1. To the nearest 10 square angstrom, what accessible area does Ile28 show with a 1.4 Å probe?
2. Express in nm, to one decimal, how much length is gained between Val116 and Ser62 on full extension, taking 0.36 nm for each residue of separation and deducting their alpha carbon distance.
3. In square angstrom, what is the accessible area per residue of the stretch 13-162 with a 1.4 angstrom probe?
4. Could you check the spin-label model distance between Ala18 and Arg157? Points 7 Å from the Cα along Cα→Cβ, value in nm.
5. From Cα pairs below 8 angstrom and at least 6 apart in sequence, can you work out the relative contact order of the stretch 37-163, rounded to a whole percent?
6. Roughly how big is the chain's charge dipole about its Cα centre, with Cβ charges of +1 (Lys, Arg) and -1 (Asp, Glu), in debye to the nearest 20?
7. Using a 1.4 angstrom probe and counting only protein chains, how large is the accessible area of Lys103 in Å², to 10?
8. Which one of Ala32, Ser47, Ala94 has its Cα pushed farthest toward the positive end of the charge dipole of the chain, where Lys and Arg give +1 and Asp and Glu give -1 at the Cβ?
Amino acid sequence: MSLLSICQWIQNTDTSTALRESTYIFPIIETAHVLGLSLSVGLLVVSDLRLIGVVMGRRPASEVFRQLAPWMLAGFTIMFASGILLFWSQAFKAYNSIFFRTKLCLLLLAAVNAGVYHLTIYRRMGEWENKLVPPSQARLAGWLSLVLWAGIIAAGRTMAYTF
């Protein structure tokens, strides 16, 4: 069974059709997706700007991240759950979309960037969190995150207008 046939099967399910053709449910899911994105990525931008050393340089990085993390996680949870439902409603179209594939690749790279950051620089935050200029690895992780999420959002918005 190929990925294409799986996507065709998903798109032909009763659930997919009901989501896609619903007058109210589909727009509610889209709205939840955008609100989850706004919450998670909006706070991620603040977090990344702290990593880069542009904002809140006098506040310990651990304090900033500790306060933002629960809200970012809530936003990411909403965004991913609603994203799965959006995919489920248009699986075949998503499969054929270069913008969807680009978005998935960028999401994977963003996850790798976050994973590397949390396994390396984040664990040594106590050494640098009060410095006005964070270490180059932290700044790089912040810049990569900003660029990747800008690409994810651009691909997602473009994808939405091509379906």
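1. Spelled out: Ile28, probe radius 1.4 Å, area about 100 Å².
2. Result for the pair: 17.7 nm of gain on full extension.
3. Result: 57 Å² of accessible area for each residue.
4. 3.3 nm
5. 40 percent
6. 460 debye
7. 40 Å²
8. Ser47
The values are calculated or read from the model by the stated rules, or taken from the named source; none is laboratory data. Model, not experiment: these values are computed from the prediction. Backbone-built Cβ (ideal geometry, glycine too); neighbour counts: all protein chains shown. The accessibility values were calculated without ligands, DNA or RNA, using every heavy atom of the protein model including side chains. Shrake-Rupley method; radii C 1.70, N 1.55, O 1.52, S 1.80 Å.
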